[in-house]
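*Asks:* Pasting in a structure now, in structure tokens, and then I'll have a few things to ask.
The values are calculated or read from the model by the stated rules, or taken from the named source; none is laboratory data. Only a predicted model underlies this, so the values are computations on that prediction, with no experimental measurement involved. Cβ atoms come from the backbone with ideal geometry, glycine included; neighbour counts cover every protein chain shown.
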Amino acid sequence: MDSKELLFFLDACRRGDAADVTKMCQLFPELINVGDNKGFTPLIIATYNDQAEIVEILLQAGADSNIGDRNGNTALMGAIFKGYDAIAHKLLDAGADPNVQNGQCATALTFAATFHRNQLAQRLLQAGADKSIADKFGKTPLDHARVQDNEALVYILEAT
């Protein structure tokens, strides 16, 4: 669905326009969890563009943090990929599931291991991330940490 309302809503999320996002949440609540032709929801767009205030507005308006784009990547995965710690924490605090798997069966913890987001990995583990979930290639987050020579995270994952 690429209605003009949705496109305006997504653009407001991208730009960080709190007034327009708030108005769109009120006028078109049915669009809060709708994605564009790539599956990018307002929450995913706000996350990818480091718009923490917009993420908060959307979560308060009922945005589902576990919806993935067409590849299955969630806002939490995007925040970890980009290294947006504050947004990742907001998403987890709002109930984002750290064990959602994308189209490659990777989880947020896989992203943290791959991109050396060790503090976020610890937060994910505290939030219930399952370190035994393997991606479609059979690799766990520990395997990804080893491939990336991320010794600190290897230690954390082996110790938990």
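*Asks:* I'm told Pro98 meets every condition in (1) within 12 Å of the chain's Cα centre (by Cα); (2) over 26 Å from Lys136 (Cβ atoms) except one. Can you identify the failing condition by its number?
*Replies:* (2)
*Asks:* Having 3 or more residues that are among the acidic types (Asp, Glu) and more than 25 Å from Gln60 (Cα to Cα) is the bar; report the helices (runs of 4 or more DSSP H) wholly within region 88-148 that clear it.
*Replies:* none
*Asks:* It is to be established whether one or more residues within region 18-40 are under 24 Å from Leu120 (Cα atoms), among the hydrophobic types (A, V, I, L, M, F, W, C) and touching a Cys at 6+ places or on another chain (Cβ under 6 Å).
*Replies:* There is no residue in region 18-40 that is under 24 Å from Leu120 (Cα atoms), among the hydrophobic types (A, V, I, L, M, F, W, C) and touching a Cys at 6+ places or on another chain (Cβ under 6 Å).
*Asks:* Still on this model: Could you grab me the full set of residues in region 68-78 that are in a helix (DSSP H, G or I) and farther than 20 Å from Leu157 by Cβ?
*Replies:* Correct list: Ala75, Gly78.
*Asks:* In region 120-160, which residue that is basic (Lys, Arg) and surrounded by 16 or more Cβ atoms within 10 Å (Cβ to Cβ) is nearest to the chain's Cα centre (by Cα)?
*Replies:* Here the answer is Arg123.
*Asks:* I would also like to ask the following. Condition check: free of Cβ contacts under 8 Å to residues at least 60 places away in the same chain and closer than 27 Å to Leu10 by Cα. Does Ala106 satisfy that?
*Replies:* Here the answer is yes, as Ala106 does meet what is asked.
*Asks:* Could you please find all residues in region 62-83 being in contact with a helix residue (DSSP H, G or I) (Cβ under 7 Å, 6 or more places away or on another chain) and either touching a residue at least 60 places away in the same chain (Cβ under 8 Å) or under 20 Å from Ala106 (Cα atoms) (or both)?
*Replies:* Selection gives Ser65, Asp69, Ala75, Leu76, Met77, Gly78, Ala79, Ile80, Phe81, Lys82.
*Asks:* What's the number of the only condition in (1) touching a Leu at 6+ places or on another chain (Cβ under 8 Å); (2) within 29 Å of Thr110 (Cβ to Cβ) that Ile44 fails to meet?
*Replies:* Unmet for Ile44, out of (1) touching a Leu at 6+ places or on another chain (Cβ under 8 Å); (2) within 29 Å of Thr110 (Cβ to Cβ): (1).
*Asks:* Condition test on Leu27, is it assigned by TED's automatic domain parsing to the domain that holds Arg146 and of a type in the set (A, V, I, L, M)?
*Replies:* Against the criterion (assigned by TED's automatic domain parsing to the domain that holds Arg146 and of a type in the set (A, V, I, L, M)), Leu27 does not qualify.
*Asks:* Another question about this same structure. Exactly one condition in (1) under 21 Å from Gly39 (Cα atoms); (2) surrounded by 19 or more Cβ atoms within 10 Å (Cβ to Cβ); (3) out of contact with any His (no Cβ under 9 Å at 6 or more places or on another chain); (4) outside the structural domain of Asn33 (by TED's automatic domain parsing) is not met by Gln104; state its number.
*Replies:* (2)
*Asks:* Of the conditions (1) crowded, with 16+ Cβ neighbours inside 10 Å; (2) farther than 22 Å from Pro141 by Cβ; (3) over 12 Å from the mean Cα position of the chain (by Cα), Arg117 satisfies every one except a single condition; which number is it?
*Replies:* Condition (2) is where Arg117 drops out.
*Asks:* Turning to a different aspect of this structure: Does Met77 satisfy the condition of being at pLDDT below 95 and among the aliphatic types (A, V, I, L, M)?
*Replies:* Criteria not met by Met77.
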